[in-house]
Amino acid sequence: MSALLACLVLPLLGALAAVALPRRAVAAVLAGVVALTLVAAVGLAVAVHSGGVVRLALGGWSPPLGIALAADGLGAAFVLLTALVMAGVAAAARDEMTPQGAGPRAAFGFWPLMLLLWGALNAVFLSRDLFNLYVGIELLTLAAVALVAIGGRAEAIAAAMRYLIFALAGSLLYLAGVVLIYGAHGTLDIDLVAARDAAAPDGLALALMTAGLLVKTALFPFHVWLPPAHASAPAPASALLSALVPKASFVILLRLWFEAMPDLGTDRALLLLGVLGAAAILWGSLRALVQARLKLIVAYSTVAQLGYLFLVFPLAGGAAGAQPWTAGAWTGAIFQALSHGLAKAAMFLAAGLFMAAAGSDRLGALRGLARVMPMTAFAFALASVTLISLPPSGGFTAKYLLMTSSFAAGQWIWALVMTLGGLLTAGYLYRPMAALFAREGGEGVQTVARARQAVPLVLAGLAILLGILSAAPFDFLQIGRPEAAEEGP
């Protein structure tokens, strides 16, 4: 329980300290906050693994009067993912987000915004109240938009404004659904909503909340804000935005469709979510194939990779009862989110190092960099293995679970989409790999310290390790798994 509170409180206290303390004291405080929050995340995961779901009623008041927090396998896994990525980004940004390198405004603002983002993410992953989830994603949006614009470049500010407009529209849609649920049932606690008597506004409320969250997750066709935002932000911010931010709204969608209102999951609605996911896989991959900048390739890759997450809805969603394949599909989607988070953080951090060395992220400027930056190039290659879903990566485990579930369910079309998506992923990632490992080029680039190159290598290695040690994470994710995702006879 103390670890759960620490995961929420420490990042927010750190954000306040980063603003209030003198500059000479900030570095030590930030290092302490990052380390303590990482320890708290590990402690929370250990508590969930050993004792099951960890629950806390704030102030001792149980819902509907009070607000409940809970850490199940799903929530604890994302809290741990967030801590690992945040620790890696903090280590990478220590040298990049300096007044000399990024400018005084970015150097000052990055750290409190990063910690606010961390606190908001943990609040979303641990909350059991629909309005609290709204507060979490609003704080998340404000911090994320500011991180996009923090460099002050006109391109970044325009991308941040587009992001903000889409995010506000998504927030209004989600909040409208929350209002309908509260008006009909007098509670917003997920467990109490799940036990409700059906009411007329429920379907409309779920549709509104889902539409708003799809915008925030950047699912096709609501993805148009994501590539310019992720490509314009500083590399450490891009790593956070791609690896973590879309996962928060996706987790809320899982809570809604599998825990709060699984009875409203009609075949048509679930099929629509799957079709949008498939469209995202194909469109994002095709767009990545034609980009000339590395960060845009990686950003469009995020659009594509997020599409795989939504295949869980036609494969495991709805109220038809547990089927033999539902647990595999649900767990496969979570594996995809976790492995993508680690791999994409590694990719954006590697892209930042390539830009620091070559002065540009255009593919032509990256030729031959593998000879002078072998650690970073290897990290990018390992992250590519995960995104292409080659064994033994976590991405392979994710696609294996989703594919076997699609065949078991008789919905082979999703397996075909995943196969085609894997081939397209190999195609668009081959282009930067070919440039990096070209025989010519690499002369006259800036030297990058090996300690900075080690950070993306560690994150990419964790994505591979997730697949090698997949049995333990698989069992962990079953703790507190919703009934709608249970395996049937």
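So for each of 292-303, 446-457, 46-57 I average, over its residues, the number of other beta carbons within 10 Å; can you give me the resulting order with the highest mean first?
Taking the mean over residues of other Cβ atoms within 10 Å, the ranking is 292-303, 446-457, 46-57.
Per-peptide packing, taken as the mean over residues of other Cβ atoms within 10 Å, places 196-205, 74-83, 398-407 in the sequence 74-83, 398-407, 196-205 from highest down. Site pair A158 and A176 shows an inter-label distance of 3.0 nm when each label is modelled 7 Å from Cα along Cα→Cβ.
Near R362, the amide H atoms lying under 5 Å from its own belong to L294; only residues 5 or more places off or on other chains count, and H is placed 1.01 Å from N.
Taking the alpha-carbon centroid of each part, what is the distance from the range 417-483 to the range 201-274 in angstrom? Cα centroid of the range 417-483 versus Cα centroid of the range 201-274: 23 Å apart. When GluC sites (Glu not before Pro) are flagged only if DSSP places them in a loop and at most 11 other Cβ atoms lie within 10 Å, the longest unflagged stretch of the chain comes out as 1-439.
The ellipsoid equivalent to the alpha-carbon distribution of the chain has semi-axes of 34, 26, 20 angstrom, derived from the gyration tensor eigenvalues as √(5λ) and listed largest first. A protection proxy built from the mean count of other Cβ atoms within 10 Å ranks the segments 59-70, 371-382, most packed first, as 371-382, 59-70. Using only the C-alpha atoms, the convex hull of the range 199-286 corresponds to 93 Å³ per residue.
Potential lengthening of the chain between D263 and L21 amounts to 82.1 nm, from the contour at 0.36 nm per residue minus the alpha-carbon distance. If the chain linking R196 and L271 were pulled fully straight, counting 0.36 nm for each residue of separation and taking away their Cα-Cα distance, it would gain 24.5 nm. Which helices pass in the chain if a helix is a full DSSP H run, must span at least 27 angstrom along its long axis by Cα, and must have mean Kyte-Doolittle hydropathy not below 0.5? For the chain, where a helix must reach 27 Å along its axis and average at least 0.5, the hits are 23-51, 73-96, 104-126, 130-149, 154-185, 267-289, 326-358, 412-436. Calculated translational diffusion coefficient of the range 282-489 (10 °C, 1.306 mPa s; Stokes-Einstein with Kirkwood radius over alpha-carbon pairs) equals 90 µm²/s. Spacing of the modelled spin labels on L469 and A451, each 7 Å from Cα toward Cβ, amounts to 2.6 nm.
Every number here is computed from the coordinates shown, using simple stated rules; none is lab data. Fair warning: this is a prediction, and the values are worked out from it, not measured in the lab. Positions of Cβ are backbone-derived with ideal geometry, glycine not excepted, and every protein chain shown enters the neighbour counts.
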